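Scroll down for the structure; my scribbles are underneath it.
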Amino acid sequence: MNALVVILGIAAIGAVNWWFFLADRTSARASTVAGIQEVVITVLGGYDPAEVRISAGRPARLLFDRQETSSCSEEIVIPALNLRRFLPAHQRTAVELPPMAVGRYPMSCGMGMLHGELVVEATTEVGDAHHT
């Protein structure tokens, strides 16, 4: 019986680590709306897309569409921008970003359990949003 509990515990730990750190993540490039790069990020047990690509040197707007009430996802944090924003449940929250330098900017929930990344590229073309 004890061996079964240990095996189930190890499997649960592995599943949680896989979900939060190793599972495939979606990616999308922002589309341009009235001169501002914009992308909708669904918040439901994670971020979809988890990787958002925007062009450097242009303002951007991240629209977080939080579709749950989990306390873990009630904040979005982008440490490199010193940004922390509350995301009300079942609402869409706009996060305006200034023109940014090329780089990778990790983002997470307030608890650090949900992860995503903002990828700022040197490209000048911004097409329609798509998932890969």
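The values are calculated or read from the model by the stated rules, or taken from the named source; none is laboratory data. Since the structure is predicted, the reported quantities are computational estimates derived from the model, not experimental observations. With ideal geometry, Cβ positions are generated from the backbone for all residues, glycine too; neighbour counts draw on all protein chains shown. Ligands, DNA and RNA are excluded from the accessible area calculation, which covers all protein heavy atoms including side chains. Shrake-Rupley method; radii C 1.70, N 1.55, O 1.52, S 1.80 Å.
At 222 nm, what value in deg cm²/dmol follows for the chain if DSSP H runs of at least 4 each add -39500 (n - 2.57) and the sum is divided by all its residues, to the nearest 500?
Numbers: 1 runs with 16 residues, N = 132.
After summing the helix terms and dividing by residue count, I get -4000 deg cm²/dmol.
Counting only heavy atoms of protein chains, what accessible area per residue, in Å², does the chain have with a probe of 1.4 Å? Mind showing how you got there, number by number?
Values: 7370 Å² over 132 residues.
Accessible area per residue: 56 Å².
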Practice problem: In a Gaussian network model over the chain where Cα atoms closer than 10 Å are linked, find which of Ser70, Ser55, Ser27 has the largest mean-square fluctuation. | Solution: Ser70
Practice problem: Grab the beta carbon distance between Ala34 and Ala122, set R0 = 35 Å, and tell me the FRET efficiency rounded to 0.05. | Solution: 0.95
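Net charge near Leu87, counting Lys/Arg +1 and Asp/Glu -1 over other residues with Cβ under 15 Å of its Cβ?
Working: positive: Arg61, Arg66, Arg84, Arg85, Arg92; negative: Asp48, Asp65, Glu68, Glu74, Glu75, Glu96.
Local charge sum for Leu87: -1.
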